[in-house]
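Sharing a structure with you now.
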Amino acid sequence: MSSDTSASIQAAVGAAQVIADHSWPGTSTTVLRLRTADGREEILKRNTSTTSFQQEHAALTHWTPSLGDQAPQLRAADEQEQSLLMTAVPGQPLSGLSLTPKEERLAYGRAGALLAQFHATAPPQTLPAFGSDRAAYIRAQLIHGTAPLTSREADVLHEALEILTKLPAQTGQPSHLDYTGRNILWAAAEVGVIDFETSRYEARGRDFLRITQRTLLQRRDLRREFYRGYGREPDATECELIRICTVTDAGAIAVTCTARGQHAFAAEARRTLAAAARSWPEPAPGTSHPHVRAPL
(Lines give C-alpha, C1' and ligand atoms only; values in the text may rest on other atoms or scores of the structure.)
Protein backbone atom coordinates (compact mmCIF):
# COMPACT_ATOMS: atom_id res chain seq x y z
CA MET A 1 0.00 0.00 0.00
CA SER A 2 1.20 3.54 -0.76
CA SER A 3 2.07 6.01 1.97
CA ASP A 4 -0.75 8.36 0.94
CA THR A 5 -3.49 5.79 1.68
CA SER A 6 -5.82 7.28 4.28
CA ALA A 7 -5.75 5.97 7.83
CA SER A 8 -9.38 4.78 7.69
CA ILE A 9 -8.81 2.71 4.57
CA GLN A 10 -5.43 1.45 5.79
CA ALA A 11 -7.10 0.25 8.98
CA ALA A 12 -9.79 -1.58 7.00
CA VAL A 13 -7.49 -3.27 4.52
CA GLY A 14 -4.52 -3.95 6.78
CA ALA A 15 -1.42 -5.34 5.14
CA ALA A 16 -2.22 -5.68 1.45
CA GLN A 17 -0.42 -5.87 -1.87
CA VAL A 18 -1.42 -4.27 -5.15
CA ILE A 19 -1.85 -7.14 -7.61
CA ALA A 20 -3.45 -5.34 -10.58
CA ASP A 21 -4.17 -1.85 -11.90
CA HIS A 22 -7.63 -1.62 -13.49
CA SER A 23 -7.50 2.15 -14.07
CA TRP A 24 -9.23 3.12 -17.30
CA PRO A 25 -6.83 4.67 -19.88
CA GLY A 26 -7.38 8.37 -20.51
CA THR A 27 -9.05 9.06 -17.17
CA SER A 28 -7.71 10.27 -13.82
CA THR A 29 -9.56 7.64 -11.79
CA THR A 30 -7.32 5.07 -10.08
CA VAL A 31 -8.64 1.53 -9.59
CA LEU A 32 -6.32 -0.94 -7.85
CA ARG A 33 -6.93 -4.59 -7.00
CA LEU A 34 -5.48 -5.55 -3.63
CA ARG A 35 -4.77 -8.88 -1.97
CA THR A 36 -5.04 -8.80 1.79
CA ALA A 37 -2.91 -10.80 4.20
CA ASP A 38 -5.66 -13.41 4.56
CA GLY A 39 -5.99 -13.85 0.78
CA ARG A 40 -9.08 -11.73 0.08
CA GLU A 41 -9.18 -9.51 -3.00
CA GLU A 42 -10.53 -5.98 -2.65
CA ILE A 43 -10.74 -2.89 -4.83
CA LEU A 44 -9.38 0.53 -3.91
CA LYS A 45 -10.82 3.28 -6.10
CA ARG A 46 -9.81 6.94 -6.00
CA ASN A 47 -11.89 9.31 -8.13
CA THR A 48 -10.85 12.89 -8.92
CA SER A 49 -14.45 13.78 -9.81
CA THR A 50 -16.39 14.74 -6.70
CA THR A 51 -19.73 13.97 -8.35
CA SER A 52 -18.59 10.50 -9.45
CA PHE A 53 -17.19 9.73 -6.01
CA GLN A 54 -20.36 10.87 -4.26
CA GLN A 55 -22.62 8.89 -6.62
CA GLU A 56 -20.64 5.69 -6.19
CA HIS A 57 -20.38 6.19 -2.43
CA ALA A 58 -24.16 6.64 -2.20
CA ALA A 59 -24.85 3.58 -4.37
CA LEU A 60 -22.51 1.39 -2.31
CA THR A 61 -24.06 2.69 0.89
CA HIS A 62 -27.75 2.42 0.02
CA TRP A 63 -28.26 0.13 -2.99
CA THR A 64 -25.59 -2.50 -3.58
CA PRO A 65 -26.03 -4.20 -0.16
CA SER A 66 -29.26 -5.68 -1.59
CA LEU A 67 -27.27 -7.31 -4.41
CA GLY A 68 -24.92 -9.24 -2.14
CA ASP A 69 -21.77 -10.63 -3.75
CA GLN A 70 -23.07 -9.75 -7.22
CA ALA A 71 -22.01 -6.14 -6.61
CA PRO A 72 -19.24 -4.39 -4.66
CA GLN A 73 -19.81 -4.04 -0.94
CA LEU A 74 -18.39 -0.97 0.79
CA ARG A 75 -15.59 -1.65 3.27
CA ALA A 76 -14.36 1.88 3.97
CA ALA A 77 -14.50 5.38 2.52
CA ASP A 78 -12.44 8.56 2.78
CA GLU A 79 -14.39 11.59 1.58
CA GLN A 80 -11.42 13.94 1.73
CA GLU A 81 -9.31 11.68 -0.50
CA GLN A 82 -12.40 10.62 -2.50
CA SER A 83 -11.40 7.00 -2.07
CA LEU A 84 -13.51 3.87 -1.67
CA LEU A 85 -12.45 0.45 -0.49
CA MET A 86 -14.86 -2.26 -1.64
CA THR A 87 -15.08 -6.00 -2.08
CA ALA A 88 -14.00 -7.42 -5.44
CA VAL A 89 -16.78 -8.94 -7.52
CA PRO A 90 -15.84 -12.34 -9.02
CA GLY A 91 -15.54 -12.68 -12.77
CA GLN A 92 -14.35 -11.03 -15.96
CA PRO A 93 -16.13 -8.40 -18.10
CA LEU A 94 -18.50 -9.93 -20.64
CA SER A 95 -17.08 -7.63 -23.32
CA GLY A 96 -13.72 -9.40 -23.16
CA LEU A 97 -14.88 -13.01 -23.02
CA SER A 98 -15.39 -15.59 -25.76
CA LEU A 99 -18.47 -17.52 -24.68
CA THR A 100 -20.56 -20.06 -26.53
CA PRO A 101 -23.90 -18.76 -27.84
CA LYS A 102 -25.66 -20.72 -25.10
CA GLU A 103 -23.44 -19.15 -22.42
CA GLU A 104 -24.02 -15.70 -23.89
CA ARG A 105 -27.78 -16.11 -23.76
CA LEU A 106 -27.58 -17.32 -20.18
CA ALA A 107 -25.29 -14.43 -19.23
CA TYR A 108 -27.47 -11.71 -20.73
CA GLY A 109 -30.63 -13.24 -19.31
CA ARG A 110 -29.08 -13.15 -15.85
CA ALA A 111 -27.79 -9.64 -16.49
CA GLY A 112 -31.35 -8.53 -17.19
CA ALA A 113 -32.56 -10.14 -13.97
CA LEU A 114 -29.78 -8.45 -11.98
CA LEU A 115 -30.68 -5.05 -13.43
CA ALA A 116 -34.32 -5.55 -12.46
CA GLN A 117 -33.19 -6.41 -8.94
CA PHE A 118 -31.06 -3.26 -8.80
CA HIS A 119 -33.93 -1.07 -10.01
CA ALA A 120 -36.04 -2.39 -7.13
CA THR A 121 -33.53 -1.60 -4.37
CA ALA A 122 -35.34 1.65 -3.47
CA PRO A 123 -38.83 3.10 -4.05
CA PRO A 124 -39.50 5.08 -7.25
CA GLN A 125 -39.43 8.86 -7.16
CA THR A 126 -41.08 11.46 -9.37
CA LEU A 127 -38.62 13.57 -11.37
CA PRO A 128 -40.72 16.62 -12.33
CA ALA A 129 -38.01 18.44 -14.30
CA PHE A 130 -36.01 15.51 -15.62
CA GLY A 131 -36.33 16.46 -19.29
CA SER A 132 -35.48 20.14 -18.95
CA ASP A 133 -32.66 19.45 -16.51
CA ARG A 134 -31.17 16.78 -18.75
CA ALA A 135 -31.43 19.00 -21.82
CA ALA A 136 -29.69 21.85 -19.98
CA TYR A 137 -26.90 19.47 -18.97
CA ILE A 138 -26.42 18.29 -22.57
CA ARG A 139 -26.49 21.83 -23.96
CA ALA A 140 -23.75 22.80 -21.51
CA GLN A 141 -21.54 20.17 -23.17
CA LEU A 142 -22.08 21.88 -26.53
CA ILE A 143 -21.07 25.39 -25.48
CA HIS A 144 -18.14 25.39 -27.92
CA GLY A 145 -20.12 23.96 -30.83
CA THR A 146 -20.90 20.54 -32.26
CA ALA A 147 -17.65 19.54 -33.99
CA PRO A 148 -17.15 16.81 -35.29
CA LEU A 149 -20.86 16.20 -36.02
CA THR A 150 -22.25 16.46 -39.53
CA SER A 151 -24.95 19.07 -40.19
CA ARG A 152 -27.59 16.31 -40.24
CA GLU A 153 -26.38 14.93 -36.91
CA ALA A 154 -26.31 18.42 -35.36
CA ASP A 155 -29.84 19.16 -36.60
CA VAL A 156 -31.18 15.89 -35.20
CA LEU A 157 -29.39 16.52 -31.92
CA HIS A 158 -30.99 19.96 -31.52
CA GLU A 159 -34.43 18.58 -32.42
CA ALA A 160 -34.04 15.81 -29.84
CA LEU A 161 -33.00 18.37 -27.22
CA GLU A 162 -36.16 20.38 -27.87
CA ILE A 163 -38.30 17.26 -27.36
CA LEU A 164 -36.34 16.37 -24.23
CA THR A 165 -36.92 19.83 -22.78
CA LYS A 166 -40.69 19.44 -23.13
CA LEU A 167 -41.02 15.97 -21.62
CA PRO A 168 -43.54 15.60 -18.79
CA ALA A 169 -42.50 14.44 -15.33
CA GLN A 170 -40.75 11.07 -15.34
CA THR A 171 -40.65 8.22 -12.84
CA GLY A 172 -37.17 7.85 -11.40
CA GLN A 173 -35.54 4.70 -10.05
CA PRO A 174 -32.06 3.64 -8.89
CA SER A 175 -30.06 3.46 -12.12
CA HIS A 176 -26.56 2.28 -13.00
CA LEU A 177 -26.31 4.25 -16.28
CA ASP A 178 -23.29 2.37 -17.62
CA TYR A 179 -24.77 -1.11 -17.69
CA THR A 180 -22.74 -2.66 -20.49
CA GLY A 181 -20.50 -5.65 -21.10
CA ARG A 182 -17.58 -3.63 -19.72
CA ASN A 183 -19.19 -3.55 -16.28
CA ILE A 184 -21.13 -6.83 -16.26
CA LEU A 185 -18.92 -9.65 -14.98
CA TRP A 186 -19.30 -13.38 -15.65
CA ALA A 187 -18.01 -16.17 -13.44
CA ALA A 188 -19.20 -19.73 -12.85
CA ALA A 189 -22.48 -19.14 -14.71
CA GLU A 190 -23.29 -16.11 -12.54
CA VAL A 191 -23.18 -12.40 -13.29
CA GLY A 192 -22.11 -9.40 -11.25
CA VAL A 193 -21.95 -5.66 -11.85
CA ILE A 194 -19.30 -3.06 -11.01
CA ASP A 195 -18.57 0.66 -11.47
CA PHE A 196 -21.39 2.65 -9.87
CA GLU A 197 -19.86 6.10 -10.33
CA THR A 198 -22.64 7.22 -12.68
CA SER A 199 -25.41 5.74 -10.53
CA ARG A 200 -28.28 7.95 -9.38
CA TYR A 201 -32.05 8.23 -9.49
CA GLU A 202 -32.83 8.50 -13.19
CA ALA A 203 -35.88 8.24 -15.42
CA ARG A 204 -37.11 4.72 -16.15
CA GLY A 205 -35.73 3.51 -19.46
CA ARG A 206 -32.40 5.32 -19.37
CA ASP A 207 -30.64 2.25 -17.97
CA PHE A 208 -31.59 0.28 -21.08
CA LEU A 209 -29.92 2.75 -23.42
CA ARG A 210 -26.24 1.84 -23.45
CA ILE A 211 -26.61 -1.92 -23.54
CA THR A 212 -29.24 -1.60 -26.26
CA GLN A 213 -26.96 0.53 -28.43
CA ARG A 214 -24.03 -1.82 -27.97
CA THR A 215 -24.33 -5.60 -27.66
CA LEU A 216 -28.09 -5.94 -28.00
CA LEU A 217 -28.21 -3.89 -31.20
CA GLN A 218 -26.87 -6.68 -33.40
CA ARG A 219 -27.87 -9.67 -31.28
CA ARG A 220 -31.64 -10.03 -31.14
CA ASP A 221 -31.24 -13.37 -29.38
CA LEU A 222 -29.36 -11.67 -26.53
CA ARG A 223 -31.87 -8.81 -26.51
CA ARG A 224 -34.70 -11.31 -26.12
CA GLU A 225 -32.94 -13.08 -23.24
CA PHE A 226 -31.98 -9.82 -21.53
CA TYR A 227 -35.55 -8.54 -21.37
CA ARG A 228 -36.87 -11.98 -20.52
CA GLY A 229 -34.53 -11.93 -17.55
CA TYR A 230 -35.58 -8.41 -16.69
CA GLY A 231 -39.19 -9.52 -16.66
CA ARG A 232 -40.61 -7.33 -19.40
CA GLU A 233 -39.86 -5.30 -22.53
CA PRO A 234 -39.46 -1.51 -22.35
CA ASP A 235 -42.87 0.16 -22.35
CA ALA A 236 -43.91 2.98 -24.69
CA THR A 237 -42.76 5.76 -22.37
CA GLU A 238 -39.37 4.12 -21.93
CA CYS A 239 -39.00 3.55 -25.68
CA GLU A 240 -39.64 7.23 -26.32
CA LEU A 241 -37.04 8.22 -23.77
CA ILE A 242 -34.55 5.80 -25.33
CA ARG A 243 -35.28 7.26 -28.78
CA ILE A 244 -34.52 10.78 -27.56
CA CYS A 245 -31.59 10.02 -25.28
CA THR A 246 -29.85 7.82 -27.84
CA VAL A 247 -29.36 11.01 -29.85
CA THR A 248 -28.68 13.46 -27.03
CA ASP A 249 -26.27 11.25 -25.10
CA ALA A 250 -24.33 10.09 -28.15
CA GLY A 251 -24.11 13.66 -29.46
CA ALA A 252 -22.74 15.03 -26.21
CA ILE A 253 -20.25 12.17 -25.81
CA ALA A 254 -19.00 12.54 -29.38
CA VAL A 255 -18.41 16.27 -28.92
CA THR A 256 -16.81 16.18 -25.47
CA CYS A 257 -14.66 13.11 -26.07
CA THR A 258 -13.36 14.56 -29.35
CA ALA A 259 -12.38 17.74 -27.49
CA ARG A 260 -10.60 15.69 -24.80
CA GLY A 261 -8.78 13.47 -27.28
CA GLN A 262 -10.65 10.34 -26.10
CA HIS A 263 -10.92 9.05 -29.63
CA ALA A 264 -12.20 5.53 -28.93
CA PHE A 265 -15.15 6.85 -26.91
CA ALA A 266 -15.79 9.55 -29.51
CA ALA A 267 -15.80 7.05 -32.38
CA GLU A 268 -18.22 4.73 -30.56
CA ALA A 269 -20.58 7.65 -29.90
CA ARG A 270 -20.36 8.82 -33.52
CA ARG A 271 -21.39 5.39 -34.76
CA THR A 272 -24.39 5.38 -32.43
CA LEU A 273 -25.39 8.91 -33.40
CA ALA A 274 -24.98 8.27 -37.13
CA ALA A 275 -27.30 5.23 -36.96
CA ALA A 276 -29.87 7.17 -34.90
CA ALA A 277 -29.73 10.16 -37.25
CA ARG A 278 -30.36 7.95 -40.28
CA SER A 279 -33.54 6.54 -38.72
CA TRP A 280 -34.75 9.77 -37.06
CA PRO A 281 -37.56 10.51 -36.21
CA GLU A 282 -38.22 6.78 -35.98
CA PRO A 283 -36.81 4.95 -32.95
CA ALA A 284 -33.08 4.37 -32.92
CA PRO A 285 -32.04 0.97 -34.30
CA GLY A 286 -32.53 -1.86 -31.87
CA THR A 287 -34.52 0.04 -29.26
CA SER A 288 -37.78 -1.87 -29.55
CA HIS A 289 -39.32 -4.76 -31.48
CA PRO A 290 -41.82 -3.67 -32.64
CA HIS A 291 -40.85 0.00 -32.49
CA VAL A 292 -43.24 2.08 -30.42
CA ARG A 293 -43.31 5.80 -29.80
CA ALA A 294 -45.37 7.31 -27.02
CA PRO A 295 -47.36 10.50 -27.60
CA LEU A 296 -45.84 13.61 -26.05
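Residue by residue through region 149-162, what is 3J(HN,Hα) from phi via Karplus (6.51 cos²θ - 1.76 cosθ + 1.60, θ = phi - 60°)? Round to whole Hz and write x for glycine and proline.
With the stated coefficients, region 149-162 comes to 6, 6, 4, 5, 4, 5, 5, 5, 4, 5, 5, 5, 5, 5 Hz.
While we're here: Using a 1.4 angstrom probe and counting only protein chains, how large is the accessible area of Glu268 in Å², to 10?
Accessible surface of Glu268 is approximately 40 Å².
Keeping all protein chains in place and using 1.4 angstrom, which order do Ser279, Ser175 fall into by accessible surface area, from largest down?
On the way: Ser279 30, Ser175 0 Å².
Per-residue accessible area, sorted high to low, gives Ser279, Ser175.
Suppose we take every Cα in the chain and form the convex hull; what volume per residue is that in Å³?
Working: hull volume 39.3 nm³, N = 296.
Per-residue hull volume (Cα only) is 133 Å³.
Rank Arg35, Arg200 by accessible area, highest first, at a 1.4 Å probe radius? Can you show the working numbers first?
Numbers: Arg35 100, Arg200 70 Å².
So the residues, ranked largest to smallest area, are Arg35, Arg200.
Could I ask something else about it? What number, rounded to the nearest 500 deg cm²/dmol, is the helix-based mean residue ellipticity at 222 nm of the chain, given -39500 (n - 2.57) per DSSP H run of at least four residues and division by all its residues?
On the way: 10 runs with 127 residues, N = 296.
Calculated at 222 nm, the ellipticity per residue is -13500 deg cm²/dmol.
A further question follows. For region 196-237, report the accessible area per residue in Å² (1.4 Å probe, heavy atoms, rounded to an integer). Intermediate values should be presented prior to the final figure.
Numbers: 1750 Å² over 42 residues.
On a per-residue basis, region 196-237 sits at 42 Å².
Additional query: Based on the Kirkwood radius over alpha-carbon pairs, what is the Stokes-Einstein translational diffusion coefficient of region 15-98 at 37 °C with 0.692 mPa s viscosity, in µm²/s? Write out the running numbers ahead of the final one.
Values: Rh = 13.6 Å.
Result for D is 242 µm²/s.
In whole percent, and with a 1.4 Å probe on the protein chains, what portion of the accessible area of region 112-265 is carbon and sulfur?
Working: 3350 of 6240 Å².
Reported share for carbon and sulfur atoms: 54 percent.
Tell me, in nm to one decimal, what length is gained between Ser279 and Phe265 on full extension, where the rule is 0.36 nm per residue of separation less the Cα-Cα distance?
Working: separation 14, 0.36 × 14 = 5.04 nm, distance 2.19 nm.
Once the chain is fully extended between Ser279 and Phe265, it gains 2.9 nm.
Kindly write out, for region 222-229 in residue order, the coupling ³J(HN,Hα) from the Karplus curve 6.51 cos²θ - 1.76 cosθ + 1.60 (θ = phi - 60°), rounded to whole Hz, with x marking Gly and Pro.
Along region 222-229, the couplings run 6, 4, 4, 5, 4, 6, 5, x Hz.
The values are calculated or read from the model by the stated rules, or taken from the named source; none is laboratory data. Model, not experiment: these values are computed from the prediction. Just the protein is used for accessible areas: all its heavy atoms, side chains included, with ligands, DNA and RNA removed. Shrake-Rupley method; radii C 1.70, N 1.55, O 1.52, S 1.80 Å.
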